[in-house]
Number of protein chains: 4
Amino acid sequence: MVRVTVWGENVHERNEEAVRAIYPDGMHGAIAAGLKEYLGDAVSVRTATLDQPEHGLAQDVLDATDVLTWWGHIAHDQVDDAVVERVHAAMLGGMGLLALHSAHYSKILKRALGTSCSLRWRNVGERELVWTVNPAHPIAAGVPHPIVIDAQEMYGEHFDIPEPDELVFISSFAGGEVFRGGCCFQRGAGRIFYFSPGDQDYPVYHHPAIKRVLANAARWAAPRTRGPVPDAPNAPRDWYLA
Amino acid sequence: MVRVTVWGENVHERNEEAVRAIYPDGMHGAIAAGLKEYLGDAVSVRTATLDQPEHGLAQDVLDATDVLTWWGHIAHDQVDDAVVERVHAAMLGGMGLLALHSAHYSKILKRALGTSCSLRWRNVGERELVWTVNPAHPIAAGVPHPIVIDAQEMYGEHFDIPEPDELVFISSFAGGEVFRGGCCFQRGAGRIFYFSPGDQDYPVYHHPAIKRVLANAARWAAPRTRGPVPDAPNAPRDWYLA
Amino acid sequence: MVRVTVWGENVHERNEEAVRAIYPDGMHGAIAAGLKEYLGDAVSVRTATLDQPEHGLAQDVLDATDVLTWWGHIAHDQVDDAVVERVHAAMLGGMGLLALHSAHYSKILKRALGTSCSLRWRNVGERELVWTVNPAHPIAAGVPHPIVIDAQEMYGEHFDIPEPDELVFISSFAGGEVFRGGCCFQRGAGRIFYFSPGDQDYPVYHHPAIKRVLANAARWAAPRTRGPVPDAPNAPRDWYLA
Amino acid sequence: MVRVTVWGENVHERNEEAVRAIYPDGMHGAIAAGLKEYLGDAVSVRTATLDQPEHGLAQDVLDATDVLTWWGHIAHDQVDDAVVERVHAAMLGGMGLLALHSAHYSKILKRALGTSCSLRWRNVGERELVWTVNPAHPIAAGVPHPIVIDAQEMYGEHFDIPEPDELVFISSFAGGEVFRGGCCFQRGAGRIFYFSPGDQDYPVYHHPAIKRVLANAARWAAPRTRGPVPDAPNAPRDWYLA
């Protein structure tokens, strides 16, 4: 069973009626519901939000988390650096991380990837098509080609990320732009999946194909090993023969 | 100086008046002219075509070729297997290869990549936008972002290739499809660049930005080393201390 | 359940008493036994050999094979090209392939990778250490670091392969050479794992850690999708809205 | 001409007579001299050290630096975070970075790569062999295969780094360990080369083949583009047609 913690910034949902109308239980609530709908007994889901103590991400929560999903946007700067360090350490030790949409600019993703993670954007509610470029990838299993999202914020290249270890999805937008919107990375023992659909102004996390992608990604990112961040051990000659 | 051999199938140009009107000197002629225009004294260019003996690719030609460009479409099957082997061996030994547009289905590219190289297509003359996803790559130097091609054949995902070593360009089309149209691979000592714009029905090789890409790619693919295909030498203990 | 077909050239075992002493049931027999020992009910294993009709690899066998393991050495040239094509097509459609030791020079691996697959070698029975460079990779699960193999043939760099999609193991030898001996590739929908330990002169396939690697690799290479080799469909405008 | 700034921690050289005997002009002095010896008029070299104001890396120095080499060990923690930010920004904008030996644990490399960069080590002065695994890579040009270093500190796997974009060298040690000691990464527009030989206790930077590698790497890492760290521009519909 994969233990997922769905982290939500939960600011737009509280402050903007239009967002609340789409996501009455918060975006984190919708994401959590989608995981339960698609993974059933194969998943246990909890949520955590910015306004909780330690943003709901105390060490014991991370220790019991196989995969952390992260949605943030307007309050990236309010995320405590100590929590970011803790999440980063958990990830290097094996915890999976799903960074969603505007989390491209989250502290944790920038720290893991080491680049600016900048991109072009335009929010006019245009059609996004999500194309699979690696149909044999576990995250693409059962996903329509393309996913049609009627209205979304545009995210376009250049997206300043390291060359992904695996590229799974590329989006196009009605305005003509393209975006590497489904990217896999490994950092330490942890698997990272960045997935771009999901602006707060549109009901993207209610879309069946998006739920499918997130469910697949949660399985994929579940740790194969889990441990502390490795340090640098002194290794006497022939230590491995002992 | 980079010595380029521009290989052209040269069938559409001879058989179809519309193509001849666009490319009176053949597509190979246009490609060669573009390289000379953009690289000047830094390049020497010759051309070779299917109808020549050994398709114009005798061993001494390959030995004097740093980079081979390949455009073929309707006559892939007429390319002699022995010539394909010879080109493949030259490439493993260090010769660069630029595979253009419908050369996705050429014998040489399929042999080098080991996949089917299949893709979706539609030829209705729609707009193609070529987006740079690695602006620091030498092949993207001085290339507009995006390149706007008013009319082109659509090539769309899924494109059945190995994960490229470097992805430089992604195209979108008016119909919404995307395509990994600028991909770098290394096989043996040889560098390969696949570049998708360039159907025979449109004047793509007269487009300044396309000429720029091909000129950049010729420089990039020029060999750093050149030799025979390596064999498997027996290596006595401590041979490297001799 | 993963359905594995273990293919063996089965020539050394029949012609050389020393090899037969190590592998009385053939190398394929030992590999098959190891898979059953480590995977139990999670695997079904059959074997096939060069001397059988169609080398034991008729289409219906491949259709019922999730993962094919391949060991060959002295008789690579006797493998029928039609069978190689059939295996290649199955692999592009999703079948996994484990290419073992001297299968670096098999027709199927060279066809899939597109390079010469040459390497250095020396057969003096020296110690090989197999080091894990990606401990979170599923193929490395439960594998000692390093694996100590008391006597093996040396395989050394340069190994002329494409840059692997994932590098899992690097070997060192008593003589000082190194070798990228555990490499993952994807071609089409098929996963390939090349694993270098396993010369016929040494009881490598009886080594517990080697059995563990092969069992892990069989699981890893099992297909996520399975189908024909994709062709190149014409795609009318807006086909995806139908 | 490539403008290189050679940064040295310069602590061991001042505090330890044995190191000073090997590197009377500091390790940075030896590295700078090697670059000048191998690149001649194609390079201009300056040095900078920890004890200088802003560690010798004021903004105007970075602005005039194409490639920064970094050697640090015992004083990583004394490097000011503001300087690390500045170097990181310059690198994302295109500046090359050569991280040498114990700089695996430097703030700048960890920030760029996002992992712990931990490794095994043993300092008993054993033989290191540096094997080329990508002979066509520009950094390997003219480099002996293997480089034989009579005495070095052992660095061994597991090395906790992201999968390199290109792997050029793998080392083996007399004790049997292996290490991915020559790794290429790109972050933003900047190229990074990590190269492991070079402990302060041994005259590694006086070794001709090591000088050759560093000279090659300086050329390779020189920027193709240079600019600010990209931000995230709003892009109105059809902006690219303007």
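The values are calculated or read from the model by the stated rules, or taken from the named source; none is laboratory data. Computed from a predicted model, the values in this text were never measured in an experiment. Cβ placement follows ideal geometry from the backbone for every residue including glycine, while neighbour counts extend to all protein chains displayed.
Observations
- Taking each residue of segment D:10-31 that is closer than 14 Å to D:THR49 by Cβ and looking for partners that are surrounded by fewer than 14 Cβ atoms within 10 Å (Cβ to Cβ) and of a type in the set (Val, Ile, Thr) with beta-carbon atoms closer than 6 Å, six or more apart or interchain, yields D:VAL11/D:ILE74.
- Members of segment A:168-198 found to be surrounded by fewer than 22 Cβ atoms within 10 Å (Cβ to Cβ) and over 14 Å from the mean Cα position of the chain (by Cα), listed by number: A:ALA174, A:GLY175
- Some residue of segment D:54-73 being within 14 Å of chain A (Cβ to nearest Cβ) and under 17 Å from the mean Cα position of the chain (by Cα): yes
- Tally, over segment A:161-201, of residues that are among the acidic types (Asp, Glu) and under 17 Å from B:PRO146 (Cβ atoms): 1
- Scan of segment C:148-167 for residues that are buried (at least 24 other Cβ atoms within 10 Å of the Cβ) and among the aliphatic types (A, V, I, L, M), ordered by number: C:MET154
- Residue satisfying condition, being under 18 Å from B:PRO164 (Cα atoms), among the small types (Gly, Ala, Ser) and within 14 Å of chain A (Cβ to nearest Cβ), within set C:GLY190, C:GLY142: C:GLY190
- A:VAL124 being touching a Pro at 6+ places or on another chain (Cβ under 6 Å) and assigned to a strand (DSSP E or B): no
- Contacts under 8 angstrom Cβ, first residue in segment A:111-136 being on the phi > 0 side of the Ramachandran plot and at pLDDT 95 or above, partner buried (at least 22 other Cβ atoms within 10 Å of the Cβ) and small (Gly, Ala, Ser), 6 or more apart: A:GLY114/D:ALA112; A:GLY114/D:GLY114
- Residue satisfying condition, being free of Cβ contacts under 8 Å to residues at least 12 places away in the same chain, within 24 Å of D:TYR155 (Cα to Cα) and out of contact with any Ser or Thr (no Cβ under 6 Å at 6 or more places or on another chain), within set C:GLU157, C:GLU163: C:GLU163
- Count of segment B:106-131 residues which are farther than 23 Å from A:HIS145 by Cα, at the interface with another protein chain (Cβ under 8 Å from one of its Cβ atoms) and surrounded by fewer than 24 Cβ atoms within 10 Å (Cβ to Cβ): 1
- Within segment D:77-104, the set of residues being in contact (Cβ under 8 Å) with a residue 40 or more places away in the chain and within 30 Å of D:GLU153 (Cα to Cα) comprises D:MET91, D:MET95, D:GLY96, D:LEU97, D:LEU98, D:ALA99, D:LEU100, D:HIS101, D:SER102, D:ALA103, D:HIS104.
- For segment D:107-131, the set of residues classified as within 30 Å of D:GLU85 (Cα to Cα) and in contact with a Ser or Thr (Cβ under 8 Å, 6 or more places away or on another chain) consists of D:LYS110 only.
- Neighbours by Cβ (under 8 Å, 6+ apart or cross-chain): first from segment B:32-44, at negative phi and hydroxyl-bearing (Ser, Thr, Tyr); second outside any strand (DSSP E or B) and surrounded by 15 or more Cβ atoms within 10 Å (Cβ to Cβ): B:TYR38/B:LYS211; B:TYR38/B:ARG212; B:TYR38/B:LEU214; B:TYR38/B:ALA215
- All of A:VAL178, A:VAL168 fail the test of being away from chain C (no Cβ under 14 Å), aliphatic (A, V, I, L, M) and without any contact (Cβ under 8 Å) to a residue 40 or more places away in the chain, apart from A:VAL178.
- Qualifying positions in segment A:69-119 - in contact with a Gly (Cβ under 6 Å, 6 or more places away or on another chain) and aromatic (Phe, Trp, Tyr): A:TRP71
- Residue match in segment C:132-145 (condition: out of contact with any Ser or Thr (no Cβ under 8 Å at 6 or more places or on another chain) and assigned to a helix (DSSP H, G or I)): yes
- Given (1) within 24 Å of B:ASP231 (Cα to Cα); (2) free of Cβ contacts under 8 Å to residues at least 60 places away in the same chain, index of the condition C:ASP63 fails: (1)
- Filter pass, C:PHE185 being out of contact with any His (no Cβ under 7 Å at 6 or more places or on another chain), away from chain A (no Cβ under 14 Å), of a type in the set (A, V, I, L, M, F, W, C) and under 30 Å from B:CYS117 (Cβ atoms): no
- Candidates D:ARG224, D:ARG237, D:ARG219, D:ARG212 - the one that is charged (D, E, K, R), surrounded by fewer than 24 Cβ atoms within 10 Å (Cβ to Cβ) and at the interface with chain B (Cβ under 10 Å from one of its Cβ atoms): D:ARG224
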